[in-house]
1. Which of (1) free of Cβ contacts under 8 Å to residues at least 40 places away in the same chain; (2) touching a Leu at 6+ places or on another chain (Cβ under 7 Å) is the odd one out, the single condition residue 147 does not satisfy?
2. Filter the range 120-141 down to residues that are within 12 Å of the ligand (Cβ to nearest atom) and crowded, with 20+ Cβ neighbours inside 10 Å and give me whichever is nearest to residue 177 (Cα to Cα).
3. Tell me, which strands (runs of 3 or more DSSP E) lie completely within the range 1-119 with 2 or more residues that are within 13 Å of the ligand (Cβ to nearest atom) and either touching an Asp or Glu at 6+ places or on another chain (Cβ under 7 Å) or open to solvent by less than 20 Å² (accessible area, probe 1.4 Å) (or both)?
4. Out of 159, 188, 168, report the one residue that is in contact with a strand residue (DSSP E or B) (Cβ under 7 Å, 6 or more places away or on another chain) and under 21 Å from residue 86 (Cβ atoms).
5. Answer yes if at least one residue in the range 144-159 is of a type in the set (A, V, I, L, M, F, W, C) and assigned to a loop (DSSP other than H, G, I, E, B), and no otherwise.
6. If a residue must be open to solvent by 50 Å² or more (accessible area, probe 1.4 Å) and in contact with a strand residue (DSSP E or B) (Cβ under 7 Å, 6 or more places away or on another chain), how many such residues does the range 142-151 contain?
7. Scan the range 61-82 and report the pairs whose first residue is touching a residue at least 60 places away in the same chain (Cβ under 8 Å) and whose second residue is surrounded by fewer than 20 Cβ atoms within 10 Å (Cβ to Cβ) and basic (Lys, Arg), with Cβ atoms within less than 7 Å and a gap of 6+ or a chain change.
Amino acid sequence: MTKKRVSIFASGSGSNAEKFFEYFQNDTEIEIVSVFTNNKSAGVIDRANRFAIPHHVYNRTYWETGETIIEILEKEKVDFIVLAGFMLLIPGGLVKAYPDKIFNIHPALLPKFGGQGMYGMNVHKAVKVAAETESGITIHFVNENYDEGQIIAQVSCAIDSSDSAEEIAKKVLRLEHENYPKVVAEVIRKSI
Ligand code: GRF
């Protein structure tokens, strides 16, 4: 059987990307075949190199239409895409080419604390200011708008009133690492 082929898009450190590299290392049905980044200094590049996974760097201009990216994805026979801290909007052509095949994770319980500008510490600071008693992760499909695709799974964690935004971030990142590869694996396996 040919394995389902997954590409990871990341702009930053890539700690989630690394969890995918580890999780699928010896998988018989799913493999991570490449990484795309818009940032030539992204930490994800070193991590991909350590796992001998090829990477592509394309700056912002290429993501306006996504044509070049789509050509490469087709050449690599990529079946699914995982956004792991990818900071640019996915172009419409790419969303159309991969309907319900692009995953994203948002570090809060959508629809709260989502939308443009809501990324990284901005999210956790807003959660803190709102004095929420819980936060968590949302794994969802990607459509043309930030954080609005169909929700696949949410996992929550309790927040103490004494938690700083940084502490909330740590709790949420732990949930991301524990759940993101597992949830994506379940969805992909169902498609096989
Ligand atoms: C994560 O919090 C993710 O939810 C968000 O960006 C962060 C990426 O962290 N979209 P990393 O690059 O995977 O370490």
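The values are calculated or read from the model by the stated rules, or taken from the named source; none is laboratory data. Every value quoted in this text rests on a predicted model; they were computed, and no experiment measured them. Note that each Cβ is placed from the backbone with ideal geometry, even for glycine, and that neighbours are counted across all protein chains shown. Ligands, DNA and RNA are stripped out before the accessible areas are found, and what is left, the full protein with its side chains, is counted by its heavy atoms. Shrake-Rupley method; radii C 1.70, N 1.55, O 1.52, S 1.80 Å.
1. (1)
2. Only one residue tops the list, namely 137.
3. Of the strands (runs of 3 or more DSSP E) lying wholly inside the range 1-119, those with at least 2 residues that are within 13 Å of the ligand (Cβ to nearest atom) and either touching an Asp or Glu at 6+ places or on another chain (Cβ under 7 Å) or open to solvent by less than 20 Å² (accessible area, probe 1.4 Å) (or both) span 4-9, 30-37, 80-83, 102-106.
4. Working: 159 fails: under 21 Å from residue 86 (Cβ atoms); 168 fails: under 21 Å from residue 86 (Cβ atoms).
None of the other options fit; the residue is 188.
5. Checking the range 144-159: at least one residue is of a type in the set (A, V, I, L, M, F, W, C) and assigned to a loop (DSSP other than H, G, I, E, B).
6. Result for the range 142-151: 2.
7. Filtered contacts from the range 61-82: 76/5; 77/5; 78/5; 79/5; 79/101; 80/101; 81/101.
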